[in-house]
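Below is one structure, written out as structure tokens; comments come after it.
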Amino acid sequence: MKKLMVGNWKMNKTVKDCAEFFEIFNKGFTEKCEAWIASQAIHFPLVEELKTTSTKAGLQNCSEHVEGAYTGEISPRALRDMNGHFVILGHSERRQYFGETSRSLNAKIRTALKEGLAVIYCVGETLPEREAGHTLSLIEDQLHQGLNDQSLATAENLIIAYEPVWAIGTGKTASPAQAQEVHAHIRQMLKNKYPSFGDKTRILYGGSVKPDNVTELLAQKDIDGGLVGGASLKAKDFLALCGDK
Ligand code: PEP
């Protein structure tokens, strides 16, 4: 299976920046891996228009509700209706700044899957949690709570991203061995939870992935791709992460 590289643009870029990114990316991308882009919601139609069909577009958050009186929220149904392919849920910035918890994310995951979106569910520990030796038990809790009773999950529509919080946007990357240890644990949990497809569920690594560390990370047995912030903003860097020049 091809590796999956997901760019999380966070709250960045202008219309001009988006156009410049795809001008370069579309020319260089040779589909050695799958490439997905999560833009700001306001730029979604623009990204849909600028990208080629081989690149998939999605968002960084959505509501647990499909429609109604929820001022300012993003409807997963509207996202799917606009041809959105996926949504990132549970990013550590959402957990840290917007009070999202694995329990509240459980409802968002359920609605997004029901509406036909693929979900990238993010889990990961902070530095104090790692130093206290709680990494694996914390990830277990995040997975149990977020994935509890998700009967619509399949190998295609559920993707897990392991993102150690201490490695996001800091320039510090988990070593390939540190990442693989957690990915192997997640793999085992997924196999137990979903005997028919847990071994095929994609598990992405995220946390300061860059062109100079991506090869070693992707060489690990249970790392199926990357969720990338900073290095996805420049088309040349994102192309390099996708194995292109
Ligand atoms: C992220 O935002 O998911 C991320 C991993 O960011 P960065 O690559 O910049 O560490």
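Using a simple spin-label model with pseudo-atoms 7 Å out from Cα toward Cβ, Lys172 and Glu20 lie 3.2 nm apart.
Straightening the chain between Glu156 and Phe98 buys 18.1 nm, computed as 0.36 nm per residue apart minus the Cα-Cα spacing. In terms of packing, defined here as the mean over residues of other Cβ atoms within 10 angstrom, the peptides 161-168, 183-190 line up highest first as 161-168, 183-190.
The charge dipole of the chain, taken about the Cα centre with unit charges on the Cβ atoms of Lys, Arg (+1) and Asp, Glu (-1), comes to about 320 debye, rounded to the nearest 20.
Think of it as helices only: each DSSP H run of n ≥ 4 in the chain is worth -39500 (n - 2.57), and spread over all residues that comes to -11000 deg cm²/dmol at 222 nm.
Amide H to amide H, with H built 1.01 Å from N, Lys56 comes under 5 Å of Ala35, Trp36, Ile37, counting only residues 5 or more places away or on other chains. Treating r as the C-beta distance of Thr52 and Glu181 and R0 as 41 Å, the FRET efficiency rounds to 0.65.
Pairs exceeding a 27 Å alpha-carbon distance, out of Lys51/Lys245; Lys13/Lys193; Lys27/Lys210; Lys32/Lys234; Lys27/Lys221; Lys114/Lys200: Lys13/Lys193; Lys27/Lys221. Working note: Cα gyration tensor of the stretch 1-78, eigenvalues times five, square-rooted, sorted largest first, giving semi-axes of 25, 15, 10 Å.
Karplus-derived 3J(HN,Hα) values for the stretch 217-226, using 6.51 cos²θ - 1.76 cosθ + 1.60 with θ = phi - 60°, are 5, 5, 6, 6, 3, 9, 9, 9, x, x Hz; glycine and proline are entered as x. Only alpha carbons enter this Debye calculation for the chain, each as an equal point scatterer, and the log10 of I(q)/I(0) it gives at q = 0.09, 0.14 Å⁻¹ is -0.34, -0.88. Applying the Kirkwood pairwise sum to the alpha-carbon positions of the stretch 19-118 produces a hydrodynamic radius of 14.4 angstrom. What the phi angles of the stretch 5-18 give under the Karplus curve with 6.51, -1.76 and 1.60, with θ = phi - 60°, is a coupling list of 10, 10, x, 9, 7, 6, 9, 10, 5, 10, 4, 5, 4, 4 Hz, glycine and proline written as x.
A short reminder: the numbers here are calculations on the coordinates, not readings from a lab. Quick caveat, the model's predicted, so the values are computed rather than measured. Note that we place each Cβ from the backbone using ideal geometry, even for glycine, and neighbour counts take in every protein chain shown.
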